[in-house]
1. If you go through the range 65-83 one residue at a time, do you hit one that is of a type in the set (Gly, Ala, Ser) and either in contact with a Gly (Cβ under 6 Å, 6 or more places away or on another chain) or within 26 Å of VAL274 (Cβ to Cβ) (or both)?
2. In this structure, is ALA148 in contact (Cβ under 8 Å) with a residue 12 or more places away in the chain, in a helix (DSSP H, G or I) and more than 20 Å from VAL73 (Cα to Cα)?
3. Looking at the range 25-42, can you tell me whether even one residue there is under 20 Å from the mean Cα position of the chain (by Cα), among the charged types (D, E, K, R) and surrounded by 18 or more Cβ atoms within 10 Å (Cβ to Cβ)?
4. If a residue has to be assigned to a strand (DSSP E or B) and either in contact (Cβ under 8 Å) with a residue 60 or more places away in the chain or hydroxyl-bearing (Ser, Thr, Tyr) (or both) to count, how many in the range 28-55 make the cut?
5. Answer yes or no as to whether SER90 is under 24 Å from LYS241 (Cβ atoms) and either surrounded by fewer than 14 Cβ atoms within 10 Å (Cβ to Cβ) or of a type in the set (S, T, N, Q) (or both).
6. Against the definition (outside any helix (DSSP H, G or I), at pLDDT 95 or above and either hydroxyl-bearing (Ser, Thr, Tyr) or out of contact with any Cys (no Cβ under 6 Å at 6 or more places or on another chain) (or both)), how does PRO157 come out, yes or no?
7. Where residues in the range 109-133 are polar (S, T, N, Q) and either surrounded by fewer than 13 Cβ atoms within 10 Å (Cβ to Cβ) or part of a strand (DSSP E or B) (or both), which of them is modelled with the lowest pLDDT?
8. Starting from residues that are surrounded by fewer than 18 Cβ atoms within 10 Å (Cβ to Cβ) and in contact with a helix residue (DSSP H, G or I) (Cβ under 8 Å, 6 or more places away or on another chain), keep the ones in the range 157-174 and report whichever is farthest from PRO92 (Cα to Cα).
Amino acid sequence: MNDLEPLDPAYVDEILSKPPFITLPGVINVRDIGNLPSSTNEGMTTKSKYLLRSAEIAGITEEGKTKLRDLGVTKVFDFRSDTEIQKYNSAPPVIEGIEVIHIPVFKKEDYSPEMMARRYQLYASGKNEAFIELYTQIMDHGGPAFGALLRHVRDKPDEGCLFHCTAGKDRTGLMAAILLKLAGVSDEDIAKDYALTRIGREPAREMIMKRLQKEPLFASNNKAAMNMLTCRYDTMEIFLKHFDQKYGGVEEYCRHIVDLTNDDIAAIKKNILVPRS
């Protein structure tokens, strides 16, 4: 599947109409990370319709808000920066009955011209080595944001949540990876989930490209722009190995970067999993 070429619309529609994708009017790349088998907890799978991931929800319609409530979601975690929200005029929506929590992974000081130039250069290369560096930055900065969601899972096993960034790929993909690794889901299944964003983002392809054209680095280089949005299976597969080596595994990451206790981690694992039906 070529990241740089549009996908066949009929193929995209077919995949988006089936689980794990969820149709949420006004939002793209919405999917459930439930129903994935745990390789370390025999007979258990991740809980269905409890942990949802997506791209930004600023454009959610009234119908979409109703559906989100019907899905049992009580909290939305928005990992986007203030800089992104201002640049794209995409303020978090007000949704009656649902708390929308804006807790950015990157702060304003992380958007200096020098840091952004380096980040865009890495994205533009499209190389796995570049994404490893980018994803390590996200992991190093993401403790407070990821911790907010993980504590919701610890405390609210019966209240679903949705988490998102702008495209629902990088920060969102790493949050999903943390949750799934805690549940004992295999790296193979985590990488497969990550790669689904290639299809999930396709309905917004034109809008994404227009946004990227506003960035000087991408204005005259469509290939670099699309490289920024690559979501290859092997990228996540390689990063997960790096993650385990750098942080000592997901539990060590949660203890030292997210500041969770062993009891917290045990409760989160328990609340993510259900017996396989």
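1. yes
2. no
3. Checked against the condition, which is being under 20 Å from the mean Cα position of the chain (by Cα), among the charged types (D, E, K, R) and surrounded by 18 or more Cβ atoms within 10 Å (Cβ to Cβ), the range 25-42 yields at least one hit.
4. 10
5. Against the criterion (under 24 Å from LYS241 (Cβ atoms) and either surrounded by fewer than 14 Cβ atoms within 10 Å (Cβ to Cβ) or of a type in the set (S, T, N, Q) (or both)), SER90 does not qualify.
6. yes
7. SER112
8. The selected residue is PRO157.
The values are calculated or read from the model by the stated rules, or taken from the named source; none is laboratory data. As the structure is a computational prediction, the values presented were derived from the model and not from experiment. Note that each Cβ is placed from the backbone with ideal geometry, even for glycine, and that neighbours are counted across all protein chains shown.
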